[in-house]
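Below is one structure, written out as structure tokens; the observations come after it.
No lab work stands behind these numbers, since they all come straight from the coordinates. If you're wondering where the values come from, they're calculated on a predicted model, not measured in any experiment. Here the Cβ positions follow ideal geometry from the backbone for every residue, glycine too, while neighbour counts run over all protein chains shown.
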Amino acid sequence: MINNSVKKFSLINTIEGWSYLLLLFIAMPMKYMFGMPMAVKIAGMAHGVLFIIFLVLLVVAWQDTKWAFKENIIFFIASLIPFGTFFTKKKINAYA
């Protein structure tokens, strides 16, 4: 049970990180350089949904593993920083 919730969290951590990079470095330039605002609407919606799933799976993994509250804060703050989720991957996988 613990491994399963941590593995799901690890997977969504990576996917959410990539969606953030896609939004920042692909969709935003498409909007402002090429006048294609639909790119941001699509990538932004996908990233928003993935972020909500990320938060739900963070809470589930926290409950299953009994991580310290500090760990959750680190994982959450890392999700707000570009490339941050990639730096927490090793720490998350230590729990799997």
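Using a 10 angstrom cutoff on alpha carbons, build the Gaussian network for the chain and name the most mobile of 49, 60, 40. Looking only at 49, 60, 40, the biggest GNM fluctuation is shown by 49. Highest mean packing comes first when the peptides 26-36, 83-93 are listed by Cβ atoms within 10 Å, giving 83-93, 26-36. For the chain, just say rounded, prolate or oblate: build the C-alpha gyration tensor, square-root its eigenvalues into a ≥ b ≥ c, call rounded for a/c under 1.5, and beyond that prolate if a/b exceeds b/c, oblate if not. Prolate, because a/c is 1.5 or more and a/b exceeds b/c.
Computed 3J(HN,Hα) for the stretch 15-23, one whole-Hz value per residue from the Karplus formula 6.51 cos²θ - 1.76 cosθ + 1.60 where θ = phi - 60°, is 4, 5, x, 5, 5, 5, 5, 4, 5, glycine and proline marked x.
Please work out whether the stretch 54-93 counts as rounded, prolate or oblate from its C-alpha gyration tensor, where a ≥ b ≥ c are the square roots of the eigenvalues and a/c under 1.5 means rounded, while otherwise a/b larger than b/c means prolate and anything else oblate? Here the stretch 54-93 falls in the prolate category. 3J(HN,Hα) along the stretch 32-45, derived from phi through the Karplus expression 6.51 cos²θ - 1.76 cosθ + 1.60 where θ = phi - 60°, amounts to 8, 9, 10, x, 10, x, 5, 4, 6, 4, 6, 5, x, 5 Hz, with x in place of Gly and Pro. Net charge of the neighbourhood of residue 53, taken over other residues with C-beta under 15 Å away and scored Lys/Arg +1, Asp/Glu -1, is +1. Ranking 85, 24, 57 by Cα position along the charge dipole of the chain, where only Lys, Arg, Asp and Glu carry charges on their C-beta atoms, puts 85 farthest toward the positive end. Summing Cβ point charges (Lys, Arg +1; Asp, Glu -1) relative to the Cα centre of the chain gives a dipole of roughly 120 debye. Placing a label point 7 Å from the Cα of residue 18 along the Cα-to-Cβ line, the residues of the stretch 68-96 whose backbone N sits under 14 Å from it are 86.
Centroid-to-centroid, using Cα positions, the stretch 26-66 and the stretch 70-96 are 16 Å apart.
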